[in-house]
1. Does Gly23 satisfy the criteria of being modelled with pLDDT of 95 or more, surrounded by 18 or more Cβ atoms within 10 Å (Cβ to Cβ) and within 24 Å of Ser132 (Cα to Cα)?
2. Tally time: how many residues in the range 176-207 are more than 27 Å from Trp75 (Cβ to Cβ), surrounded by fewer than 20 Cβ atoms within 10 Å (Cβ to Cβ) and free of Cβ contacts under 8 Å to residues at least 40 places away in the same chain?
3. Give the range 128-162 a look and list any residue that's touching a residue at least 40 places away in the same chain (Cβ under 8 Å), part of a loop (DSSP other than H, G, I, E, B) and crowded, with 16+ Cβ neighbours inside 10 Å, or say none.
4. Which residues, taken from the range 75-101, are more than 24 Å from Lys209 (Cβ to Cβ) and either modelled with pLDDT under 95 or basic (Lys, Arg) (or both)?
5. Restricting attention to the range 64-86, which residues are surrounded by fewer than 19 Cβ atoms within 10 Å (Cβ to Cβ) and not in a strand (DSSP E or B)?
Amino acid sequence: MEHVLDNPIYYALTSGHNHLAKGVETVKYYNEDITAFAGLKDNSQEDLNTLYQISPPESLFVFFAKTPVEIPEQWKLLTHIDMFQFIFRGVKVPDTDGAELTDLDQEYVAEMIDLVELTKPGPFLSKTIELSNYTGIFVNGKLASMAGHRFFPSPYREVSAVCTHPDHLGKGYSFKILQEQIKRILLRNEIPFLHVRNDNEAAIKLYQKLGFEIRTDMIAYVIKKEAL
């Protein structure tokens with residue numbers, strides 16, 4: 001039996017995020033205004049054909065796989081991203097009071113989208129915030145850094161949307177936010193994990209410093225539905 005983190009999107013949509021899922025038993029995807037991710041039980045040609053049949057016209061999806069996947073011709077492959085999947089192996093809850101942090105809600109979505117567009121940590125849409133627990137640091141009234149939660153293949157909770165404005169790099173903001181994210185996840189008796197491009201050396205060093213270890217390689221495929 002495969003580990004749930006070998007297919008984190010599918011198992012999120014059949015466990016912790018089943019209330020956000022559309023699709024059928026073997027192919028699931030998030031509500032379109034929350035995020036563009038899809039989970040395929042076997043990452044097979046049959047699963048990709050099913051996703052094509054049940055999704056709206058011109059849909060764009062991101063799905064993850066541990067090994068290379070051949071994309072059927074009715075889908076346009078926009079890109080693929082080689083990543084590491086990290087899991088938290090720390091031995092204690094971080095000691096942080098979160099004093100500098102602001103919990104981000106719908107009021108801040110426009111600023112969050114602007115920061116994501118600038119820094120490109122991954123997709124963020126108008127209702128992505130419903131995936132929960134976004135926190136940020138403001139400098140002079142402007143959002144300088146943030147992170148939040150994404151996939152929830154219970155009992156694992158993913159930390160995502162980790163980004164800092166270029167004007168505020170090197171100030172330790174991401175470190176502080178990630179400490180708080182880890183703390184909140186551990187206090188719910190869940191296990192933090194995350195994904196990062198395998199060429200993002202600065203982020204990799206940061207995650208390792210915080211107690212994350214590489215669990216496996218992962219590939220993100222970005223595909224768009226083409227008209228037959």
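1. Answer is yes for this residue.
2. Summing the residues that are more than 27 Å from Trp75 (Cβ to Cβ), surrounded by fewer than 20 Cβ atoms within 10 Å (Cβ to Cβ) and free of Cβ contacts under 8 Å to residues at least 40 places away in the same chain in the range 176-207 gives 7.
3. Asn133, Arg150, Phe151, Phe152, Pro153 - these are the residues of the range 128-162 that are touching a residue at least 40 places away in the same chain (Cβ under 8 Å), part of a loop (DSSP other than H, G, I, E, B) and crowded, with 16+ Cβ neighbours inside 10 Å.
4. Of everything in the range 75-101, just one residue is more than 24 Å from Lys209 (Cβ to Cβ) and either modelled with pLDDT under 95 or basic (Lys, Arg) (or both), namely Lys76.
5. Lys66, Thr67, Pro68, Glu70, Ile71, Pro72, Glu73, Gln74
Each row is one residue, and each column tells you yes or no for (1) touching a residue at least 40 places away in the same chain (Cβ under 8 Å); (2) not assigned by TED's automatic domain parsing to the domain that holds His195; (3) not in a helix (DSSP H, G or I).
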| position | (1), (2), (3) |
| --- | --- |
| Tyr11 | yes, yes, no |
| His19 | no, yes, no |
| Lys22 | no, yes, yes |
| Lys28 | no, yes, yes |
| Ile34 | yes, yes, yes |
| Asp42 | no, yes, yes |
| Asp47 | no, yes, no |
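Residue-by-condition table, conditions (1) in the same structural domain as Ala65 (by TED's automatic domain parsing); (2) touching a Cys at 6+ places or on another chain (Cβ under 9 Å); (3) among the hydroxyl-bearing types (Ser, Thr, Tyr); (4) modelled with pLDDT under 90:
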| site | (1), (2), (3), (4) |
| --- | --- |
| Arg150 | no, no, no, no |
| Ala161 | no, no, no, yes |
| Leu169 | no, no, no, no |
| Tyr173 | no, no, yes, no |
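The values are calculated or read from the model by the stated rules, or taken from the named source; none is laboratory data. This is a predicted model, so every value here is computed, not measured. Note that each Cβ is placed from the backbone with ideal geometry, even for glycine, and that neighbours are counted across all protein chains shown.
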